[in-house]
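Beneath this line is the structure, given in structure tokens, with notes to follow.
The values are calculated or read from the model by the stated rules, or taken from the named source; none is laboratory data. Being a predicted model, the structure only gives us computed values, none of them experimental. Here Cβ is always computed from backbone atoms with ideal geometry, including for glycine, and neighbour counts include all displayed protein chains.
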Amino acid sequence: MQEKKFDVTALGELLIDFTQNGESGQGNYLFEANPGGAPCNVLAMLQKLGKKTAFIGKVGDDFLGRHLRDVVESVGINTENLLFDEKVHTTLAFVHTYEDGDRDFSFYRNPGADITLSADEVKRELIADTKLFHFGSLSMTHEGVREATRVAIEAAKESGCLVSFDPNLREPLWETLDEAKEQIAYGMSKCDILKISDNEIQWFTGREDYTEGVKVLRESYDIPLILVTMGREGSRAYYGDMMVEVTPFLMENTIETTGAGDTFCACMLNYVLEHGIEDLTEAQLEEMLTFANAAAALITTRKGALKVMPSKEEVQALLEER
């Protein structure tokens, strides 16, 4: 890849995840305000792996928005295209965690500042100076930010960036699931790398079997590398005529799964940045998935994601235990 200032630029939501953290003496829920948003989580892990990253998005011009900017900058992510909305507050998500670590989200985003990003606010020159552009579907739920996302993808394509897409379906944020499917289909038509979860590929393709689902995707979209995350079942990579599956690292001290998919995604993108996307071998795909699974397992033992991503050394230590 040619020399560029940034390894990865991502566009999308930056918000506060209010995560349950016990109860007060009166029996009321206590919440911890964790910085979140899938695209920034991905960038935070990439920074831990030594990559240079930049974020494009919008927060409210309020104390939570300013806190998010400070946190994002503190982990090393470039914020020159992080904007503030003076009229709309920072987006919030309340996270309810179940005993098995899975969770439900309640979003306060109607509106939220992240959806007010407009196409003319996207710095195309920043994208032109990056090797890989990453996005999700939450920046396509509303018309204005949807156009901003398409402009960014267009700039990425024009400048020869690799393009990565994670649907990250959040059903409550869409008017209809038909609209969600239409926009996610657009994302798939533009990406070189797709990271998709087990339930998402089943929903999108109508196939229970993941390999059959990938076959359906390939009939419509030219996506060289498809990664399927399967929770407690591990992950798979589909590349050429190969399918590689790697078992998960199941942790006894798992707290919640927030950020696990984003951590996995970042490690996968890091591998592609270091090895390219052409002529990958079965051994390389296995190496990529194993490292990504280990990193994802570590983040499940921590509250939040963006501020507490594991280091490369922590991941290596877990790998050596297997």
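Among the residues of the stretch 83-134, which ones are farther than 22 Å from Gly304 by Cα, of a type in the set (S, T, N, Q) and either part of a strand (DSSP E or B) or modelled with pLDDT of 95 or more (or both)?
Once the filter is applied, which keeps residues that are farther than 22 Å from Gly304 by Cα, of a type in the set (S, T, N, Q) and either part of a strand (DSSP E or B) or modelled with pLDDT of 95 or more (or both), the stretch 83-134 yields Thr116, Ser118, Thr130.
For the stretch 48-74, what are the residues that are closer than 30 Å to Asn253 by Cα, of a type outside the set (A, V, I, L, M) and surrounded by 15 or more Cβ atoms within 10 Å (Cβ to Cβ)?
Within the stretch 48-74, Lys48, Lys51, His67 meet the criteria.
I need every pair where a residue in the stretch 273-295 that is in contact (Cβ under 8 Å) with a residue 12 or more places away in the chain and hydroxyl-bearing (Ser, Thr, Tyr) has its Cβ under 7 Å from the Cβ of a residue that is crowded, with 16+ Cβ neighbours inside 10 Å and not in a helix (DSSP H, G or I), sequence separation at least 6 or different chains.
Every condition considered, the pairs that remain are Thr290/Val246.
Within the group Lys307, Lys303, which residue is surrounded by 14 or more Cβ atoms within 10 Å (Cβ to Cβ), in contact (Cβ under 8 Å) with a residue 40 or more places away in the chain and touching a helix residue (DSSP H, G or I) at 6+ places or on another chain (Cβ under 9 Å)?
So the residue among Lys307, Lys303 that is surrounded by 14 or more Cβ atoms within 10 Å (Cβ to Cβ), in contact (Cβ under 8 Å) with a residue 40 or more places away in the chain and touching a helix residue (DSSP H, G or I) at 6+ places or on another chain (Cβ under 9 Å) is Lys307.
State yes or no: is Gly231 touching a helix residue (DSSP H, G or I) at 6+ places or on another chain (Cβ under 8 Å), in contact (Cβ under 8 Å) with a residue 40 or more places away in the chain, of a type in the set (Gly, Ala, Ser) and closer than 24 Å to Gly304 by Cβ?
No.
Just checking, which of Gly144, Gly160 is of a type in the set (Gly, Ala, Ser) and within 15 Å of Glu13 (Cα to Cα)?
Selected residue: Gly144, the only one of Gly144, Gly160 that is of a type in the set (Gly, Ala, Ser) and within 15 Å of Glu13 (Cα to Cα).
I need every pair where a residue in the stretch 195-219 that is touching a residue at least 24 places away in the same chain (Cβ under 8 Å) has its Cβ under 8 Å from the Cβ of a residue that is outside any helix (DSSP H, G or I) and acidic (Asp, Glu), sequence separation at least 6 or different chains.
Between residues of the stretch 195-219 that are touching a residue at least 24 places away in the same chain (Cβ under 8 Å) and residues that are outside any helix (DSSP H, G or I) and acidic (Asp, Glu), the close pairs are Lys195/Asp166; Ile196/Asp166.
Leu227: among the hydrophobic types (A, V, I, L, M, F, W, C) and assigned to a strand (DSSP E or B), yes or no?
yes
So which pairs qualify, if the first residue must be in the stretch 22-44 and farther than 30 Å from Phe133 by Cα, the second must be among the small types (Gly, Ala, Ser) and surrounded by 15 or more Cβ atoms within 10 Å (Cβ to Cβ), the Cβ gap must be under 8 Å, and the two must be at least 6 apart or on different chains?
Short answer, once both residue conditions are applied: Glu32/Gly304.
For Pro310, all conditions in the list (1) assigned to a helix (DSSP H, G or I); (2) within 18 Å of the chain's Cα centre (by Cα) hold save one; what is the number of the exception?
(1)
It is to be established whether one or more residues within the stretch 275-285 are at pLDDT 95 or above, surrounded by fewer than 14 Cβ atoms within 10 Å (Cβ to Cβ) and under 24 Å from Thr9 (Cβ atoms).
Scanning the stretch 275-285, I find at least one residue that is at pLDDT 95 or above, surrounded by fewer than 14 Cβ atoms within 10 Å (Cβ to Cβ) and under 24 Å from Thr9 (Cβ atoms), so the answer is yes.
From the set of residues in the stretch 141-199 that are of a type in the set (Ser, Thr, Tyr) and closer than 17 Å to Gly57 by Cβ, which is nearest to the chain's Cα centre (by Cα)?
Only one residue fits best here, namely Ser164.
All but one of (1) touching a strand residue (DSSP E or B) at 6+ places or on another chain (Cβ under 8 Å); (2) hydrophobic (A, V, I, L, M, F, W, C); (3) surrounded by fewer than 20 Cβ atoms within 10 Å (Cβ to Cβ) hold for Ile77, so report the exception by its number.
For Ile77, the exception is condition (3).
I need the full set of residues from the stretch 205-257 which are hydroxyl-bearing (Ser, Thr, Tyr), closer than 20 Å to Phe165 by Cβ and touching a Gly at 6+ places or on another chain (Cβ under 9 Å), in order please.
Thr205, Thr229
Yes/no matrix, rows are residues, columns are (1) touching a helix residue (DSSP H, G or I) at 6+ places or on another chain (Cβ under 7 Å); (2) among the hydrophobic types (A, V, I, L, M, F, W, C); (3) not in a helix (DSSP H, G or I):
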{"position": "Ile201", "(1), (2), (3)": "yes, yes, no"}
{"position": "Tyr238", "(1), (2), (3)": "yes, no, yes"}
{"position": "Phe249", "(1), (2), (3)": "yes, yes, yes"}
{"position": "Glu256", "(1), (2), (3)": "no, no, yes"}
{"position": "Thr263", "(1), (2), (3)": "yes, no, no"}
{"position": "Cys267", "(1), (2), (3)": "yes, yes, no"}
{"position": "Leu285", "(1), (2), (3)": "no, yes, no"}
